[in-house]
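**Q** This is the structure I have questions about; it appears just below.
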Amino acid sequence: VYDADLPEYAVAIDIYHSDKTWVNVQEYEAPKSVDQQKADLRLAGVLTEIPSVLGVPPAQVLLKVRKKQRSTEQYEKHSELGIFHEVVEGGCRLRVNFDDYLDTGLFLDHRPIRLLIQKQAQGKRFLNLFAYTGSATVHAAVGGASVTTTVDMSNTYLQWAKENLALNTTTGRHEFIQANCVQWLASEAKRQSRQYDLIFLDPPTFSNSKRMEEVFDIQLDYIALIEHASKLLTPTGTLYFSTNFRRFKFDLTLFSGLNIVDITSKTIPEDFARDQKIHYCWQITRQA
């Protein structure tokens, strides 16, 4: 509902409806040029006003500081409370956590692409790469996918994805694979024994996780990722590639045999319209 619209009040405010209405407030770390005492007073003013403006008790207003991220910090645990709340998106039941991580387990700017996947999933085989908490998998399964494959390197997030799926009534066969997505995709592209009608590829911008043999950089590695993922597409299949790297440059000349369409504007929800660089998204199909 708010994202630093007034530069002096540098916070993002999101509303989640579950058993109660929760307000998730994230303060953007102030630059060194801003007096810290002033920044603290402004934040205190925001936190004072939110309960009355949004009609929620102060105890249901939660605060985090969003610092400039390094590596995979946004995915790392910040506490161990283990408190989850259930929300509903497009008929899908999903678990969110407001305390233990910087992010809640649900990237709100991807709502349109998840709903698009749900609408297209009937009878399809769906692959979710860098799956995080598996929300796209849930949408595909609820949409009637015959098969879903969910791949992520983190066992914690795969377990979260399994629990998300278990909240919903679905048919079809669903598998979860703990693996380095870069290596798994390269291996499967060589074998080409798997084929999917629908693939969602949403990698992190950067990672130097100890579990990865090499540093991952989306601007350098997107070419191989798309080439490998496209080899797992059925002849009429669709690959959705997305990134939230603001300075990302897509070189269409590097890919032959593929139709690539920029669908970013169609995948930015209304509440993120003021920040068109929240993510980029392309629809990729094989040329006939």
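Every number in this text was worked out from the coordinates using simple rules, so none of it is lab data. What you are looking at is a predicted structure, and each value in this text was computed from that prediction instead of being measured. Neighbour counts are summed over all protein chains in view; Cβ atoms, including those assigned to glycine, are modelled from backbone coordinates with ideal geometry.
**Q** At 7 Å along the Cα-to-beta-carbon direction for both D275 and L41, put a label point, then send me their distance in nm to one decimal.
**A** The two pseudo-label positions are separated by 2.6 nm.
**Q** Provide the gained length on full extension for the span E89 to S256, in nm with one decimal, where the gain is 0.36 nm per separating residue minus the Cα-Cα distance.
**A** Using 0.36 nm per residue and subtracting the Cα-Cα distance, I get 56.5 nm.
**Q** How many angstrom lie between the Cα centre of segment 164-240 and the Cα centre of segment 90-137?
**A** Going from one Cα centre to the other spans 15 Å.
**Q** Modelled label-to-label distance, I223 and Y28, 7 Å Cα→beta-carbon offset: nm?
**A** 3.3 nm
**Q** With N set to the residue count of segment 78-150, report its C-alpha Rg divided by 2.2 N^0.38 Å to two decimal places.
**A** Computed over Cα atoms of segment 78-150, the ratio equals 1.15.
**Q** Go ahead and set up a Gaussian network model of the chain, Cα springs under 10 Å, then flag whichever of A44, A30, A12 fluctuates most.
**A** A44
**Q** May I ask for the net charge around I268, where only other residues with Cβ less than 9 Å from the Cβ of I268 are counted and Lys, Arg are +1 while Asp, Glu are -1?
**A** -2
**Q** Among all stretches of the chain without exposed trypsin sites (Lys or Arg not before Pro) (DSSP loop, at most 14 other Cβ atoms within 10 Å), which one is longest?
**A** 71-193
**Q** Using alpha carbons only, how many degrees (0 to 90, rounded to 10) separate the axis of helix 155-166 from the longest principal axis of the chain?
**A** Roughly 90 degrees, rounded to the nearest 10.
**Q** For the chain, give the magnitude of the charge dipole about the Cα centre (Cβ charges: +1 Lys/Arg, -1 Asp/Glu; no others), in debye to the nearest 20.
**A** The calculated dipole for the chain is roughly 860 debye.
**Q** How much length, in nm to one decimal, is gained on full extension between E175 and T48, taken as 0.36 nm per residue of separation minus their Cα-Cα distance?
**A** 41.1 nm
**Q** Report, by chain and number, residues whose modeled amide H sits under 5 Å from the one on H174, excluding near sequence neighbours (fewer than 5 apart, same chain).
**A** Amide H neighbours of H174, under 5 Å, 5+ apart: T148.
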